[in-house]
Each structure stands twice: as structure tokens, then as C-alpha cells.
Amino acid sequence: MTRTHGSPPATGAWRAGDPVGRRRWFRLPEPLVLEAGGVLPQVDLAYETWGELDADGSNAVLVLHALTGDSHVAGPAGPGHPSPGWWDALVGPGRALDTDRWFVVAPNVLGGCQGSTGPATTAPDGRPWGGRFPAVTVRDAVQAEVQLADALGIQRWAAVLGGSFGGMRALEWAAGHPERVSAALLLSCCAVATAEQIAWSAAQVQAIRSDPDWLGGHYHDLPDGRGPHAGLGVARRIAHITYRSPQELEQRFGTEHQDGEHPWRGGRYAVESYLDHHADKLARRFDAASYVLLAQAMSGHDVGRGRGGAPAALRRITARTRVAGVDSDRLFPLEQQRELASAIFGAEFATITSPHGHDGFLIEAEQVGQLVTDLLGR
């Protein structure tokens, strides 16, 4: 449960008994065998939809969220949804994802913490999975989403869209299930995680695991105010620096002090206050064990694993594909998207111009909306 005042709960995950909001659930009919060798005996995927599915199922669009995102792509914050829709400007009547035309589906990823089966959910023995939750990969997440598509009666997506972690999953859909994807928009992602990206994630994971209240991942039943909040906060600070550009941080904050504070007397620089704010927000709406699990899934991303390498895997893609990146992104540099586009037959490449770094794919709604419109309008 998410609280906006007072001590944060042990986990910011959605848990049974919390307001449902717009969520629906799909339970996989069989245990899910995982790529790393584990098995999840029961899997529920939370998801949201907008619009109506055509009789032939041909107007469905799959939207996939980033690391700390969820199924709430559009709509206000409210009971059950701690944050407003992360692509709200793109979804709705007359918008790029026009819900008078398209049936938009957004699942919370396997291992996530906003309704889908993950570390904060209850295991078969009646206790939270916690640190016992098995390792999952991008491919595992897509396998679960394939079964959701089957249950919804969608044999082929009109388009699959995603950025960052969501872009990795969109790419896995296009390469792993080419017959089921007509078009793909791959934003701010890559074919294989780089050593630097893995290193950034490793530092974040270590910060969480070093928190005294991590307890091997078994902290979910602690009282309010307890839990690995400090470690999750450090992880968020590290991540947020990589999500934004040096130029933006310098322009917005420079060396200014936070109002009424001075660093020489125990106060903070303005940029420190900014990072503190984002750390506190995340602790109230996310789960530390999901963060660890999904960060490691991103580090393990390799579309070519078991397929003869990335170039061979990318040659499997038959979807009409557009690849785009942000010109100020230092976490997923633009060159990675150029390389991805050049390796996919017929793919088009586009640049999102933004001072906001990696987060530009979330912030620059007008530019991203035009990419979506161009892709779907053809």
C-alpha cells in the first residue's frame, strides 16, 4: 500500500486488499518454466486496457513499461494508482494511441510490484516470496505476456511499443514471436546490455542489498518505517543521475543550495534535494526486491542468446520497425539505437531531441506521439 505522508511502508507494492483501480488480472493456466531454470507454480499478470478490441482482434497495441513503471499508462493518480499515467498524453480519443481506433493493452511485468506476481506477492506457502523469488529474464516476461495475448484473443499485435526495459521486451516480442508483431517501436534500448549498463545496475542492486533491513529479501512483513528504504533510495539516486543529462542537471541546479540550507552547515545542494525527493517517492510506490529482480533482468538482456547471436536474432524480425533514441541519453547512447536499426531489415531510425537524457522518451510526448502516429498510420 502506498502512503503519501508519514513513514513509508515496508514495501510500496500493490498488495491484496489495496484498491484495485483500473487493473484486471490474468492467471496463467500452467506453471511458468523460467529461462534460468526455476519454475513459478502460479503467475498472475495485472494489466489495463483502453478502447475496444475489434471482432477480428486486429487493432490491439501492446505498450510495455520501463523499470519502475507499471500498467497505468493513462489516467490520473487515485485509489490503487500512486502515480498518474506515465504516457497519459499518448493514450485516449484523438491522441497518438487513439482509443476510438486502437485497443491498448499494458501489463505490469512479471516480477513487478503493481499487481503482477513478484517478490511482494504471496507464494504457495502463504508467505511473501521475498528473496525466494526465482530469477526472471526479459524472455520470461514476454512468455507470460504471450499467454495474456492468447487469453485476450489477440493473435497478432498491430504494434508493440516500449522504451528502455519496455523496449527490451518489445524487441524480444519482435524477434522471438515475429509472426505475432505487425509493427514495433523500440525506444531508448539496445540488442544486448553493455558492460557499463550492467555496472550501473550492479551498483544499485548492491545499495539495496547492503541495507540492514534488506534481510535477504524477506522484509515485506515489517512495520511501517522499516524496510530497505535507504538502500532503495540510494539505488534510485544512482539511477536518476543516469536517466538525466549532465546539461539538464547543470542548467536546473548548478551549485545552488537548497532554499534555507547550506551544505557547509549540514544542508544540501539543490540537486541533492531533487534526488532525495525522487528517492522518497519511489520508496512509497515500489518494492525493493522487484527493483533488484528487474534490474538484473535488464542486465541479462541479450536478444541473441540461444539464437546464434544478436545479428542473427535481429534478422528474424519481420515487423515494420522504427527505432528511436534520445540525443542526450547517456545510459542508452544514441549510437546503440543506430546500430539496432541498421541490423533490422527495413527499420527506420529517428532521433528524439531533448535535454532530459534517457527520460526523454517519457517526457517528449509530442515527439514520441508523432513516431507512434507515423508507425500506426501506414
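The values are calculated or read from the model by the stated rules, or taken from the named source; none is laboratory data. A quick note: this is a predicted structure, and the numbers were derived from the prediction, not measured. In this analysis, Cβ positions are derived from the backbone assuming ideal geometry, glycine residues included, and neighbour counts consider all displayed protein chains. Remember, those area values only see protein heavy atoms, side chains included, never the ligands or the DNA or RNA. Shrake-Rupley method; radii C 1.70, N 1.55, O 1.52, S 1.80 Å.
Can you put M168, M298 in order of accessible area, largest first, using a 1.4 Å probe?
Working: M168 0, M298 25 Å².
Result of the area sort, largest leading: M298, M168.
Ignoring any ligand, DNA or RNA, what whole percent of the accessible area of the stretch 181-236 comes from carbon and sulfur when the probe is 1.4 angstrom?
Of the solvent-accessible surface of the stretch 181-236, carbon and sulfur hold 60 percent.
Could you tell me what fraction of 2.2 N^0.38 Å the Cα radius of gyration of the stretch 1-132 comes to, as a two-decimal ratio?
Values: Rg = 16.0 Å, N = 132, 2.2 N^0.38 = 14.1 Å.
Ratio of Rg to 2.2 N^0.38 Å for the stretch 1-132: 1.14.
Using only the alpha carbon atoms of the stretch 298-378, find the Kirkwood hydrodynamic radius as the inverse mean reciprocal pair distance, in angstroms to one decimal.
Working: mean 1/r = 0.0733 Å⁻¹.
About 13.6 Å, per the Kirkwood formula over Cα pairs.
Choose one of A347, Y219, Q197: the residue whose Cα lies farthest towards the positive end of the charge dipole of the chain (beta-carbon charges +1 Lys, Arg; -1 Asp, Glu; about the Cα centre).
Farthest towards the positive pole: Y219.
Non-local amide H neighbours of A60 (under 5 Å, H modeled in plane, Pro and chain starts lacking H): which ones?
Here the answer is F103, A158, since their amide H atoms fall under 5 Å of that of A60.
Per residue, how big is the convex hull of the stretch 242-320 when only Cα atoms are used? Give it in Å³. List each step's numbers first, then the result.
On the way: hull volume 14.7 nm³, N = 79.
Taking the convex hull of the Cα positions in the stretch 242-320, it is 185 Å³ per residue.
Let me spell out the model: positive unit charges on the Cβ of Lys and Arg, negative unit charges on the Cβ of Asp and Glu, origin at the Cα centre of the chain. What dipole size does that give, in debye rounded to 20? Before the final figure, lay out the partial values.
Values: 34 positive and 42 negative charges, 103 e Å.
That gives the chain a dipole magnitude of about 500 debye.
Binning at 10 Å from 0, report for the stretch 73-190 what percent of all alpha-carbon pair distances ends up in each bin.
For the stretch 73-190, the pair-distance distribution reads 12, 37, 37, 12, 1.
So what's the convex hull volume per residue for the Cα atoms of the stretch 43-117, in Å³? Kindly include the intermediate steps, with their values, before the conclusion.
Values: hull volume 7.1 nm³, N = 75.
Taking only Cα atoms, the stretch 43-117 has a hull volume of 94 Å³ per residue.
Report the semi-axes of the equivalent ellipsoid for the chain in whole Å, largest first, where each axis is √(5λ) for an eigenvalue λ of the Cα gyration tensor. Kindly include the intermediate steps, with their values, before the conclusion.
Numbers: eigenvalues 187, 129, 82 Å².
Equivalent ellipsoid semi-axes, largest first: 31, 25, 20 Å.
Is the stretch 117-271 best put as rounded, prolate or oblate by its Cα gyration tensor, with a ≥ b ≥ c the root eigenvalues, rounded for a/c under 1.5, and otherwise prolate when a/b is larger than b/c, oblate when not? All intermediate terms of the calculation are to be shown ahead of the outcome.
On the way: a/c = 2.72, a/b = 1.39, b/c = 1.96.
Taking the square roots of the gyration eigenvalues as a ≥ b ≥ c, the stretch 117-271 is oblate.
Please report, in Å, the Rg and the Dmax of the stretch 318-363, where both are computed over Cα atoms only.
Looking at the stretch 318-363, its Cα Rg and Dmax stand at 10.7, 33 Å.
Please report the antiparallel percentage of DSSP beta bridges with both residues in the chain, rounded to the nearest 5.
Close to 40 percent.
Please give the per residue accessible area of the chain, computed with a probe of 1.4 Å over protein heavy atoms only, in Å².
Values: 15150 Å² over 378 residues.
Value returned for the chain: 40 Å² of accessible area per residue.
Please arrange R316, R252, R244 by accessible surface area, largest first, computed with a 1.4 Å probe and ligands excluded.
Details: R316 100, R252 125, R244 30 Å².
The most accessible residue leads, giving R252, R316, R244.
I'd like the accessible area for W14: 1.4 Å probe, protein heavy atoms, all chains in place, Å² to the nearest 10.
40 Å²
Set Lys and Arg Cβ to +1 and Asp and Glu Cβ to -1, take the dipole of the chain about its Cα centre, and tell me which of P19, A135, P124 lies farthest positive.
Toward the positive end, the furthest listed residue is P124.
May I ask you to rank D302, D329 by accessible area, largest first, using a 1.4 Å probe over the protein chains only?
On the way: D302 50, D329 10 Å².
Greatest to least solvent exposure: D302, D329.
Computed FRET efficiency, Cβ-Cβ of R265 and I241, R0 30 Å: what is it to the nearest 0.05?
Values: r = 25 Å, r/R0 = 0.82.
FRET efficiency, R265 to I241: 0.75.
Around G360, under 10 Å between beta carbons, what's the net of Lys plus Arg minus Asp minus Glu among the other residues?
Numbers: positive: R244; negative: E248, D327, D329, D359, E364.
After counting each charged neighbour, the total is -4.
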